[in-house]
Every structure is written in C-alpha cells, then in structure tokens.
Amino acid sequence: FQQHQFSQAAIAWTTEVARFNPSAFPRYRAKEYLYNSSLAEAPLAGAVFDWNMSLAKGVTIKRECQPQQNGCSLQIQFDGSENVDFRNVSQISVLEPGSYVLRALVDTSGITTDQGVFIEVKDGESEGRLDVQSEQLKGSSGWREIRMPFKVEPNTNFINVAIRRKA
C-alpha cells in the first residue's frame, strides 16, 4: 500500500484474511468491501484494511458485543468538554469502478450540539473525485439504517470511510 500498489495490497490482505480468519473470507471482497464490518473482531492495530481507531480528547470509543448477536457495535461518546473535530474512526478499501451502497445501522443518544455525527466516503487521494456524506445524526433515536449510494470512478485508487463530527 505504501508503494502505491493499492490493488495488489488489497489482494494480499484478502489472501491473509482467507488464511488467518477463514470465517470472514466468504463475504469479504465478494459482497462486503469493509473488513470486519460487523466489528466482531477487535481491529488489528496497524492494519491498513481494518478499522483504524485513534484517541481524541473528550471522546471515548469502545466496542460493545452482545453474546447472542453476530456482531458488535461501536460506541462513541463525547463528554462535552471539547468542541471536537472528530475523524478518529475510519477504514480504507480498494474498490473496482462501479456503483456501491454503504449501509450502516446507527443509534444516537443525547446529541445536543449543532454539529451531529455523520458517515463520509471519500476518495483516499482526492476529495474532489468522491465525497459523499450521510445526514448529520443528532438528538436521540432508536436503531435505524443509513444507506449511502456512491460511485467509484476509474481514477479512484482507494476510498476512506470515516465516522465524523465537525467542530
């Protein structure tokens, strides 16, 4: 990936997934293009194609897993002590040109600021080629599905999917 051989890096990662995490392999890069999309596994630190979660002042990030479910959820809690420009949960994916839909299940509780949380999909090298954002999630709601259609053009080498909040 660091040598800008993006497709080859994605193929190498998929090969490793098949070898070390065979339960994830049947769907990954066949129907799902975000690795560990259900967060069933703890993200691998330093892995390019897994969730990257970094600390932010005034924000707590944690995985919550229920034994009876097939996946986990990610809880992001803002303590209100900082006006955070949050972009600390993201994942890179290499996609073939074409149309895609990002689907996420979200639940919000007590977001009272004028800036809500949203999901974005951007071209990893040039935002001008691809920049799609969900609605800003504010207030409190039960679990609901967000669907974000987007199109990858031939000159997009990889995308970055991130959970965001603007200051």
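The values are calculated or read from the model by the stated rules, or taken from the named source; none is laboratory data. All values reported here derive from a predicted model rather than from experimental measurement. Heads up, the Cβs are rebuilt from the backbone with ideal geometry, glycines too, and the neighbour counts pull from every protein chain shown. When the accessible area is computed, the model is the full protein with side chains, heavy atoms only, and any ligands, DNA or RNA have been set aside. Shrake-Rupley method; radii C 1.70, N 1.55, O 1.52, S 1.80 Å.
I'm trying to understand the selection: among the residues of the range 116-167, which are over 28 Å from Gln77 (Cβ atoms), among the acidic types (Asp, Glu) and in contact (Cβ under 8 Å) with a residue 40 or more places away in the chain? Selection gives Glu153 alone.
State whether one or more residues within the range 78-88 are more than 24 Å from Gln136 (Cβ to Cβ) and either surrounded by fewer than 11 Cβ atoms within 10 Å (Cβ to Cβ) or modelled with pLDDT of 90 or more (or both). Looking through the range 78-88, none of the residues is more than 24 Å from Gln136 (Cβ to Cβ) and either surrounded by fewer than 11 Cβ atoms within 10 Å (Cβ to Cβ) or modelled with pLDDT of 90 or more (or both). Out of curiosity, is Gln91 open to solvent by less than 80 Å² (accessible area, probe 1.4 Å), over 21 Å from Ile159 (Cβ atoms) and not in a loop (DSSP other than H, G, I, E, B)? Spelling it out, it is not the case that Gln91 is open to solvent by less than 80 Å² (accessible area, probe 1.4 Å), over 21 Å from Ile159 (Cβ atoms) and not in a loop (DSSP other than H, G, I, E, B). From the residues in the range 144-167 that are touching a Gly at 6+ places or on another chain (Cβ under 8 Å) and under 25 Å from Lys62 (Cβ atoms), which one is least open to solvent (accessible area, probe 1.4 Å)? By that ranking, first place goes to Arg165.
Can you find a residue that is in contact with a Lys or Arg (Cβ under 6 Å, 6 or more places away or on another chain), at pLDDT 95 or above, exposed (fewer than 11 other Cβ atoms within 10 Å of the Cβ) and of a type outside the set (Phe, Trp, Tyr) anywhere in the range 100-108? Among the residues of the range 100-108, at least one is in contact with a Lys or Arg (Cβ under 6 Å, 6 or more places away or on another chain), at pLDDT 95 or above, exposed (fewer than 11 other Cβ atoms within 10 Å of the Cβ) and of a type outside the set (Phe, Trp, Tyr), which makes the answer yes. Taking the range 127-143, which residues are at pLDDT 95 or above, open to solvent by less than 50 Å² (accessible area, probe 1.4 Å) and either under 17 Å from Asp85 (Cα atoms) or of a type outside the set (A, V, I, L, M, F, W, C) (or both)? Within the range 127-143, Ser134 is the sole residue that qualifies.
Name the residue that is nearest to Arg87 (Cα to Cα), counting only residues in the range 109-126 that are part of a loop (DSSP other than H, G, I, E, B) and over 17 Å from the mean Cα position of the chain (by Cα).
Top of the filtered list is Gln115.
Tallying residues that are under 15 Å from Lys166 (Cα atoms) and part of a strand (DSSP E or B) within the range 133-146 yields 2. Inside the range 47-74, residues that are part of a strand (DSSP E or B) and either of a type in the set (Ser, Thr, Tyr) or open to solvent by less than 60 Å² (accessible area, probe 1.4 Å) (or both) make up a count of 7. Screening His4 with (1) more than 19 Å from the chain's Cα centre (by Cα); (2) without any contact (Cβ under 8 Å) to a residue 40 or more places away in the chain gives one miss only, at (2).
Would you confirm whether any residue within the range 23-46 is of a type in the set (Phe, Trp, Tyr), touching a strand residue (DSSP E or B) at 6+ places or on another chain (Cβ under 9 Å) and open to solvent by 50 Å² or more (accessible area, probe 1.4 Å)? Yes: one or more hits.
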